[in-house]
Amino acid sequence: MFTACSGDKKPETPSGTTSQIATEEAKIKEADAAKYIENSYTAEELGLDKVDRDYSFMVSSNGVDIDGDKYVKVVANIIVKNNVTTEDGKDTFSMETIGEYYISFDGKKILKKNMDTNEYEKLENRYADYQKKAAETESHTHVDSETTKAK
């Protein structure tokens, strides 16, 4: 679980209820969830267009319940240099969450959390396009180790 890196903040919902649940039942989960968010939306759509550093996407090992619906949580993080060093004088770093995205377990709803207001905005569902693109770029290796992409 990555919540230690994200400051242990749990999603706030209008009703104020949150809980974490296993993601085995989710249609889109684990690395596929991060790839889906990263490859299906522009930086502008994700609210990351003004970020001037490299960022990466991570997926929580636990799902979250937002107003009765189960979601897989994907976050965008940047690495930040801390003001403290190790005992031997080396710099230390931590991760700062700059974006939070939620994919419903059935894959039908995608939410983006406004990091200033803690409110959720619905994003267009592009999973069908993502699956088609993934199938088109799926590669396989021949006996002679030549790799080709499916067309």
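Take the conditions at pLDDT below 85, open to solvent by 80 Å² or more (accessible area, probe 1.4 Å) and not aromatic (Phe, Trp, Tyr) and apply them to residue 136. Does it pass? So residue 136 fits the description; yes. The residues of the range 89-122 that are crowded, with 18+ Cβ neighbours inside 10 Å and at positive phi amount to a single one, 107. For the range 78-92, the criterion of being among the small types (Gly, Ala, Ser) and in a strand (DSSP E or B) is met by none of the residues. If you filter the range 38-81 down to residues that are open to solvent by 50 Å² or more (accessible area, probe 1.4 Å) and touching a Ser or Thr at 6+ places or on another chain (Cβ under 8 Å), you find that the one that is nearest to residue 27 (Cα to Cα) is 70.
One residue stands out in the range 20-37 among those that are in contact with a strand residue (DSSP E or B) (Cβ under 6 Å, 6 or more places away or on another chain) and open to solvent by less than 50 Å² (accessible area, probe 1.4 Å): the one that is modelled with the lowest pLDDT, namely 21.
Residue pairs whose Cβ atoms lie under 8 Å apart, separated by 6 or more positions or on different chains, with the first residue in the range 45-61 and at positive phi and touching a residue at least 60 places away in the same chain (Cβ under 8 Å) and the second of a type outside the set (Phe, Trp, Tyr) and part of a loop (DSSP other than H, G, I, E, B), are 47/114; 47/115.
The values are calculated or read from the model by the stated rules, or taken from the named source; none is laboratory data. Keep in mind that this is a model prediction, so the values were computed, not measured. Counting neighbours? That spans all protein chains shown, and the Cβs are built from the backbone with ideal geometry, glycine included. All accessible areas refer to the heavy atoms of the entire protein, side chains included, with ligands and DNA or RNA removed. Shrake-Rupley method; radii C 1.70, N 1.55, O 1.52, S 1.80 Å.
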